[in-house]
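S.K.: Have a look at this one.
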Amino acid sequence: MEFKDYYQIMDIKRDATQDEIKRAYRKLARKYHPDVSKEPEAEVRFKEVGEAYEVLKDPEKRAAYDQLGANWKEGQDFRPPPDWDQGFEFHGGGFTGGDAEQFSDFFESLFGRGGFGGRRQREFHARGEDTYAKILIDLEDGYQGATRTLTLKHSELGPDGRPQLKERMLNVRIPKGVRQGQNIRLTGQGGAGAGKGGAGDLYLEVEFKPHPFYKAEGKDIYLNLPVAPWEAALGATVKVPTPSGTVDLKIPPNSWSGRKLRLKGRGIPAKESGDFYVVLEIALPKADTDKAKAVYAEFEKALGFNPRARLGV
């Protein structure tokens, strides 16, 4: 069985509008009508054009035909893949034009045969496509949950059949415990279905806005915490901000810059909540006064500290 490239037969592009398809059909039907045409094989071409138009003029049949992809060539040996119409529910109805009894085996293999006056024909409903978008939310929303109004951009077919960029606003509930990279599913908010097919779903991929303090890695949260040299050396209890409130953290004596301390269960809340990690950063006071310079000089004499001793210098 030969593949029929209906777009090539009608000499139109694959993204042609419905009006362009109609104009192309009228032009070719006049050119190849057997009663008036002097073109060779006019009757054959007239039937091919009618068959192509029967498919492409119908948005549902056209959508199904387009599922086959653009890689097939006119006349190429063809067998419909067994799952080519997966997700489509066919129903009865009549053809709206053309002599369907004379359509090709290719047409019959896809859509079945039918005729005028309600003779049986395979039609279909198709569920709309699932759509995807990335959204930015505050890290705190992942801890507490929230309802946010989001503006999403999407394309729709305009009156001329060409895609147009549109915006829509959605009220979205951000569930408590949502993590970066997780999807929020909005049922029925995806692409519109064909025929009586229901709309697809919209999946929102969550990403946290950059935060001045915190960094998220999965369910865990990290904070770089500045500490004074004496707090790191002698140990101390200091206040630490977290997205769920301020907590007291005990810093062990002789801590070093880069040491990581864990606050268990203080990360993103979940059935098994993440952890909150505090990474110590030793902050040195500036030696910008005579008093500060004298204190640093006293440290040098009293401690005899060489930070490069392990390097052998």
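S.K.: Look through region 120-145, keep the residues that are part of a strand (DSSP E or B), open to solvent by less than 20 Å² (accessible area, probe 1.4 Å) and modelled with pLDDT of 80 or more, and return whichever of them is nearest to Asp201 (Cα to Cα).
M.R.: Applying the filter and picking the extreme gives Ile135.
S.K.: Sort out which residues of region 173-210 are open to solvent by 50 Å² or more (accessible area, probe 1.4 Å), modelled with pLDDT of 85 or more and either out of contact with any Asp or Glu (no Cβ under 8 Å at 6 or more places or on another chain) or of a type in the set (Gly, Ala, Ser) (or both), and write them in order of number.
M.R.: Passing the criteria: Arg173, Lys176, Arg179, Glu205, Glu207, Pro210.
S.K.: Taking strands (runs of 3 or more DSSP E) that do not extend beyond region 179-251, which have at least 3 residues that are closer than 23 Å to Leu136 by Cβ and free of Cβ contacts under 8 Å to residues at least 60 places away in the same chain?
M.R.: Numbers: elements: 183-186, 202-208, 214-217, 220-227, 236-242, 245-251.
Correct list: 183-186, 220-227.
S.K.: Out of (1) under 22 Å from Phe299 (Cα atoms); (2) in contact with a Ser or Thr (Cβ under 9 Å, 6 or more places away or on another chain), what's the single condition that is false for Pro269?
M.R.: The number of the failed condition is (1).
S.K.: Separate question: Given the criteria at pLDDT below 90 and open to solvent by 60 Å² or more (accessible area, probe 1.4 Å), does Lys219 qualify? Write out each step before concluding.
M.R.: On the way: at pLDDT below 90: no; open to solvent by 60 Å² or more (accessible area, probe 1.4 Å): yes.
Criteria not met by Lys219.
S.K.: While we're looking at this one, here's another question. So, in region 300-313, of the ones that are part of a loop (DSSP other than H, G, I, E, B) and not polar (S, T, N, Q), which residue ends up nearest to Trp230 (Cα to Cα)? Can you show your working first?
M.R.: So the first thing to find is which residues in region 300-313 are part of a loop (DSSP other than H, G, I, E, B), and the list is 304-308, 312-313.
Retained after the next criterion (residues that are not polar (S, T, N, Q)): 304-305, 307-308, 312-313.
On the way: Gly304: 16, Phe305: 15, Pro307: 16, Arg308: 20, Gly312: 26, Val313: 26 Å.
The extreme case among them is Phe305.
S.K.: Give me the residue from region 236-273 that is open to solvent by less than 60 Å² (accessible area, probe 1.4 Å) and touching a Gly at 6+ places or on another chain (Cβ under 6 Å) and, out of that set, farthest from Gly218 (Cα to Cα).
M.R.: First pass over region 236-273, keeping only residues open to solvent by less than 60 Å² (accessible area, probe 1.4 Å): 236, 238, 240-243, 245, 247, 249, 251-252, 255, 258-259, 261, 263, 265, 267-270, 273.
Next, from what is left, pick out any that are touching a Gly at 6+ places or on another chain (Cβ under 6 Å): 251-252, 267-270, 273.
Values: Ile251: 25, Pro252: 27, Gly267: 9, Ile268: 8, Pro269: 11, Ala270: 12, Ser273: 11 Å.
So, considering only residues that are open to solvent by less than 60 Å² (accessible area, probe 1.4 Å) and touching a Gly at 6+ places or on another chain (Cβ under 6 Å), the one farthest from Gly218 (Cα to Cα) is Pro252.
S.K.: Tell me, please, whether a residue that is closer than 30 Å to Gln67 by Cα and polar (S, T, N, Q) can be found in region 225-238.
M.R.: Filtering region 225-238 for residues closer than 30 Å to Gln67 by Cα gives none.
The answer is no; no qualifying residue exists.
S.K.: Where in region 1-64 are the helices (runs of 4 or more DSSP H), entirely inside, with at least 2 residues that are over 36 Å from the mean Cα position of the chain (by Cα)? Steps first, answer last, please.
M.R.: Numbers: elements: 6-9, 18-32, 42-56.
In region 1-64, the matching helices (runs of 4 or more DSSP H) lie at 18-32, 42-56.
S.K.: On to the next question. So which residues in region 283-299 are surrounded by 10 or more Cβ atoms within 10 Å (Cβ to Cβ) and in a helix (DSSP H, G or I), if there are any at all?
M.R.: Once the filter is applied, which keeps residues that are surrounded by 10 or more Cβ atoms within 10 Å (Cβ to Cβ) and in a helix (DSSP H, G or I), region 283-299 yields Ala292, Lys293, Ala294, Val295, Tyr296, Ala297, Glu298, Phe299.
S.K.: Pick from Ile21, Ile12: which is open to solvent by 30 Å² or more (accessible area, probe 1.4 Å), among the hydrophobic types (A, V, I, L, M, F, W, C) and modelled with pLDDT of 85 or more?
M.R.: Working: Ile21 fails: open to solvent by 30 Å² or more (accessible area, probe 1.4 Å).
Testing whether each residue is open to solvent by 30 Å² or more (accessible area, probe 1.4 Å), among the hydrophobic types (A, V, I, L, M, F, W, C) and modelled with pLDDT of 85 or more leaves just Ile12.
The values are calculated or read from the model by the stated rules, or taken from the named source; none is laboratory data. None of the values given here were measured: they were computed from a predicted structure. Virtual Cβ from ideal backbone geometry, glycine too; neighbours counted across all protein chains shown. Ligands, DNA and RNA are excluded from the accessible area calculation, which covers all protein heavy atoms including side chains. Shrake-Rupley method; radii C 1.70, N 1.55, O 1.52, S 1.80 Å.
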